[in-house]
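The structure appears right after this line, and notes come after that.
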Amino acid sequence: MGVLQYSSSRHGNVMLIRIGGSLDAETAPKFDGKISGEINKGVKKIVCNMEKLDYIASAGLGVLIGANDMLGKQGGEIRLSAMNEKIRKIFKLLGFINLFKIFEDDQKAIDSF
């Protein structure tokens, strides 16, 4: 049973979401609701901090890709920050490393918009 924690904060017109724990088939729907809710409120620029993320499954990747596609249609984007080595390896292994702009820390990701 996966446990997912997240918190969010606004930085100008950018929403920073810090994700921790497991983003898997069990927790992905809750996270999808969170991120879709922000998009429906008009947020177009999102940074997902992945420093504390221990595991991501295909369901979690699907949420990120779906949200990024939704934002792209509105002129927005998701950017990733502080990706730990374990999660980076999963992204590389699955060929998703080039689907997102990835930054070493939150401030660089926020400033990149």
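Bear in mind that the values in this text are calculations on the coordinates, not laboratory data. This one's a predicted model, so the numbers in the text were calculated from it and none came from an experiment. So basically every Cβ, Gly included, is an ideal-geometry build from the backbone, and we count neighbours across all protein chains shown.
Which option, (1) 50, 36, 24; (2) 71, 57, 21; (3) 33, 26, 23, is the value of Cα extents along the principal axes in Å that was calculated from these coordinates?
Looking at Cα extents along the principal axes in Å for this model, the match is (3).
Which net charge results when you count Lys and Arg as +1 and Asp and Glu as -1 among the other residues whose beta-carbon is under 10 Å from that of Ser112?
Computed value for this residue: +2.
Of the lysine pairs in segment 19-113, how many meet both conditions: Cα atoms under 22 Å apart, and a spacing of 8 or more in sequence or different chains?
Close lysine pairs found across segment 19-113: 28.
In what sequence do Lys92, Lys45, Lys52 fall when counting other Cβ within 10 Å, fewest first?
Ranked by crowding around the Cβ, least crowded first: Lys92, Lys52, Lys45.
Can you tell me the FRET efficiency between Ser36 and Leu99 if r is taken as the Cβ-Cβ distance and R0 is 22 Å, rounded to the nearest 0.05?
Working: r = 19 Å, r/R0 = 0.84.
About 0.75, to the nearest 0.05.
Per residue of the chain, what 222 nm ellipticity follows from adding -39500 (n - 2.57) for every DSSP H run with n ≥ 4, rounded to the nearest 500?
On the way: 4 runs with 43 residues, N = 113.
One gets -11500 deg cm²/dmol as the mean residue ellipticity at 222 nm.
So, counting K/R as plus one and D/E as minus one, what does the shell of residues with Cβ under 14 Å around Asn40 add up to?
Values: positive: Lys34, Lys41, Lys44, Lys73; negative: Asp32, Glu38.
Net charge around Asn40: +2.
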